[in-house]
Ligand code: C2O
């Protein structure tokens, strides 16, 4: 493989992607952040420089969905795999593009990524499907007008609500906003008709779109008027192609679709739509972008009508029976089974928090789990919510959602088998295609439903959490120690230890 090197400078800025100005954190001043592009097997090096000032803050960047085989310390999860990168400090990440397809990177520190700190990642690999043009990333993200810090503070205040409402919905960082809907006492600069994203298709040709839900909260239902979507991959897993009018993506999920420019309107102009589902806390759930054929008048707005495809209200992913991996892998018998209950509770101070497997997680950024385990320390505070799976080679996770809302469940460092999903409890038996179950890194567990996952051990320490930024910030997070003997034997690079020393020094100065 080849080496792909990037320099990322993280800094504060003020932008108005939808016309309403807000403070953000950006990579190299760009929103969405710059594209990371590599071929399967390449080495990716990213020098991340924390230039966050006024006020200063830590950060850490996670390369979503990659396995980090033998390099779990490169996973970018502060409190788990590393300490936050202290202000004015640099950490160089180095890892292999060990899976191929569409993904993204994002800050994994507090709710930072809801403030703009995210970008696309494309890893080219073999493909079975024929298409003419790769359109590249299409990032779908709900958008909040307040800074993440303020939203987390409101949510975690006594009497605060765990439902954090988004203000808008963006496609590749753009959408219009109706400034007349802001609170009358809100003097924030706001411009109507900020503009939408535009996509160019060539008439008659087949295009690949790489959909990424890079939002903080909302499930997206994506469609293009008059065009059938052929789904060819979910997360990093190529699947047997199937056709649909609408595809659902939970936060963190990716879906690659093929679209042929043979739509019904002769003007060659169509709306691309992404709607937040009925389960999402959203003030303005609709995102649009314009799709133009090469011969269309791009000064005219499309006049196309949407598919007649009402939100089914289940707030689940597409049926596992139809999402079938192209390269079969049978699921082995699990050597251990862990049940993980999801609960909401209100504590003595009237703060509503999440419990995952009975614990509401509080991170200790000065003492991340992986470096501790590497030094042979396996006694953790209960509130860090660590599960040690020791030498187990394949662990089954039965996720039981005792709350009414759906949760996009994400396990780091693994391409997870998705064995079953549905309302109510699992019957303990049923598995969808044990000889070739779906595999991905995020899967939605529906409200009051169950989700059965399984992973083959990749040595390291890995977060398992709800990808809704507000939920993980509210304690819905656990860390798994996988193959502890191997974790103890790992040689963690000096840069990771240095990052902790720098963070310790910075927090001591600012205590
Ligand atoms: Cu996309 Cu734990 O993250």
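Brief remarks on what is shown
- One residue from 93, 113 being in contact with a helix residue (DSSP H, G or I) (Cβ under 7 Å, 6 or more places away or on another chain) and part of a strand (DSSP E or B): 93
- Residue match in segment 414-430 (condition: closer than 18 Å to residue 486 by Cβ and within 14 Å of the ligand (Cβ to nearest atom)): yes
- Odd one out for residue 394, checked against (1) farther than 21 Å from residue 74 by Cα; (2) buried (at least 18 other Cβ atoms within 10 Å of the Cβ): (2)
- Residues of segment 140-181 that are touching a strand residue (DSSP E or B) at 6+ places or on another chain (Cβ under 6 Å) and at pLDDT below 95: 147, 162.
- Considered as a group, the residues in segment 103-117 that are modelled with pLDDT of 95 or more and within 9 Å of the ligand (Cβ to nearest atom) include one that is farthest from residue 28 (Cα to Cα), and that residue is 103.
- Of the residues examined, residue 387 is one that is within 28 Å of residue 58 (Cβ to Cβ), within 16 Å of the ligand (Cβ to nearest atom), in the same structural domain as residue 450 (by TED's automatic domain parsing) and in a strand (DSSP E or B).
- Filter result (within 18 Å of residue 334 (Cβ to Cβ) and within 13 Å of the ligand (Cβ to nearest atom)) within segment 453-477: 462, 464
- Where residue 65 falls short, out of the listed (1) within 14 Å of the ligand (Cβ to nearest atom); (2) farther than 26 Å from residue 417 by Cβ: (2)
- Residues within segment 79-100 that are within 15 Å of the ligand (Cβ to nearest atom) and surrounded by fewer than 24 Cβ atoms within 10 Å (Cβ to Cβ), tallied: 2
- Flag for residue 162 being surrounded by fewer than 24 Cβ atoms within 10 Å (Cβ to Cβ), under 30 Å from residue 388 (Cβ atoms) and touching a helix residue (DSSP H, G or I) at 6+ places or on another chain (Cβ under 7 Å): yes
- Matching residues in segment 303-328 - criterion: being in contact with a strand residue (DSSP E or B) (Cβ under 9 Å, 6 or more places away or on another chain), over 16 Å from residue 420 (Cα atoms) and touching a residue at least 40 places away in the same chain (Cβ under 8 Å): 304, 305, 306, 307, 309, 311, 326, 327
- Some residue of segment 443-451 being over 19 Å from the mean Cα position of the chain (by Cα) and within 16 Å of the ligand (Cβ to nearest atom): no
- Failed item in (1) modelled with pLDDT of 95 or more; (2) more than 30 Å from residue 201 (Cα to Cα); (3) in a loop (DSSP other than H, G, I, E, B), with residue 44 passing the rest: (3)
The values are calculated or read from the model by the stated rules, or taken from the named source; none is laboratory data. These figures come from a predicted structure and were not determined experimentally. Cβ coordinates were reconstructed from backbone atoms using ideal geometry, including for glycine residues, and neighbour counts include every protein chain displayed.
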